[in-house]
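This report concerns only the one structure given below.
Laboratory data are not the source of any read-out in this text; all were calculated from the coordinates shown. In this text, all values refer to a predicted model and were calculated from it rather than measured experimentally. Because the Cβ atoms are built from the backbone with ideal geometry, glycine has one as well, and the counts that use them run over all protein chains shown.
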Amino acid sequence: MTPKAPATGHLSPRITDDGSFSLHSAEFAEGFHSRRGALLEAHCTYVNPAQLERFSAGEELTLVDVCVGLGTNSAALLEAAVPLGIRLRWFGLEIDPSPLALALAQPCFRRQWQPALGLDLLQQLQTSGRWLSPHGRGEMLWGDARGQIEALLGQVAGRCDLVMLDAFSPRHCPQLWSQEFLAALSGLLAPRGRLLTYCSAAAPRRSLMAAGLPLAALRSEASDPGAEAGDDLGDDPNGAWSAGTVAGPELEPSSPWWRPLSAMEREHLLSRAGEPYRDPSGTAAASTILTERLSAQALSGAEPASVWRRRWGLPGGAR
């Protein structure tokens, strides 16, 4: 059953530059999507790098959407998968039902989707928390994603083809970028599976590598110079050098959608910016995680991120 929606006063509607609908959160001081376009971001960061053409018609693709929000990423991926004859086995992790409810109340959002595909998926999830159609099946796991991940691992560990991670940025939602949570997400992936995220921050990247995943940078041609949701990549909210991160057990070093990490990015991982967010209990408050990371950075013998920035001619301070 879908939980009762909490107060939504912190959420405000926004039409992005490509005409697609999004929301802005006053609580997190971030938009759910880039200003250039919610649909543009969904395709550039998640649908295109998923390379659905590598699956055969008739296959069932297992997908985990972490922080479903408005459901834009999953709806876009479903509408790209169906013409290829690919079915979805879908799982969603989300703590707040109000973004999806607010979006579906907007005619402009509903018009973004094909009625029998993306719109049907989102409506079923809002109504019952489940989805069943000729194109796949799925269920929403409501609540703190950290509390749901063990149950999900019990069902599909080592069998997921795609994990889409779209939480608010590490500086505002560090609990979903912790070394422990990212290790759990890594455990979901099948050998050919991929984890995709807009985030290029050093700490999550280093945690993914610590989990044993090769990773690469989504090519900057797809990045958004006006992004607000952005990430924690050395305090550059514009993401100028990367559109995000892709990781996977058998990830190819390069593709039309991603490239190897540059020397600048590799050095970024070794700076204090690469100090992981830690949450061993899986229950720590964001403020606790941030405070403990600051203490760990202060004790670290790694190069300060500010020194790394100056060496590469980047503006701004360290984080």
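Annotations
- DSSP loop GluC sites (Glu not before Pro) with at most 13 other Cβ within 10 Å excluded, longest remaining stretch of the chain: 28-249
- Three-way shape call for the stretch 104-148 based on the alpha-carbon gyration tensor, with the a/c threshold at 1.5: oblate
- Against the main long axis of the alpha-carbon atoms of the chain, helix 286-299 sits at an angle near 30°.
- Prolate/oblate/rounded call for the stretch 34-170, Cα gyration tensor, a/c under 1.5 rounded: rounded
- Karplus-derived 3J(HN,Hα), 6.51/-1.76/1.60, for each residue of the stretch 203-208, Hz, glycine and proline x: 5, x, 4, 5, 5, 5
- Relative exposure of HIS268, HIS172, judged by other C-beta atoms within 10 Å (fewest first): HIS172, HIS268
- Taking CYS108, CYS67, CYS173 and counting other C-beta atoms within 10 Å, the order from fewest to most: CYS108, CYS173, CYS67
- Calculated FRET efficiency, GLN155 to ARG311, Cβ-Cβ distance, R0 = 41 Å: about 0.35 to the nearest 0.05.
- Per-residue ³J(HN,Hα) for the stretch 64-72, Karplus 6.51 cos²θ - 1.76 cosθ + 1.60, θ = phi - 60°, Hz, x for Gly and Pro: 10, 9, 8, 6, 4, x, 7, x, 4
- Prolate/oblate/rounded call for the stretch 11-260, Cα gyration tensor, a/c under 1.5 rounded: rounded
- Beta bridges from DSSP with both residues in the chain: antiparallel share about 45 percent, rounded to the nearest 5.
- Likely footprinting exposure, SER34, SER271, SER133, fewest C-beta neighbours within 10 Å first: SER133, SER271, SER34
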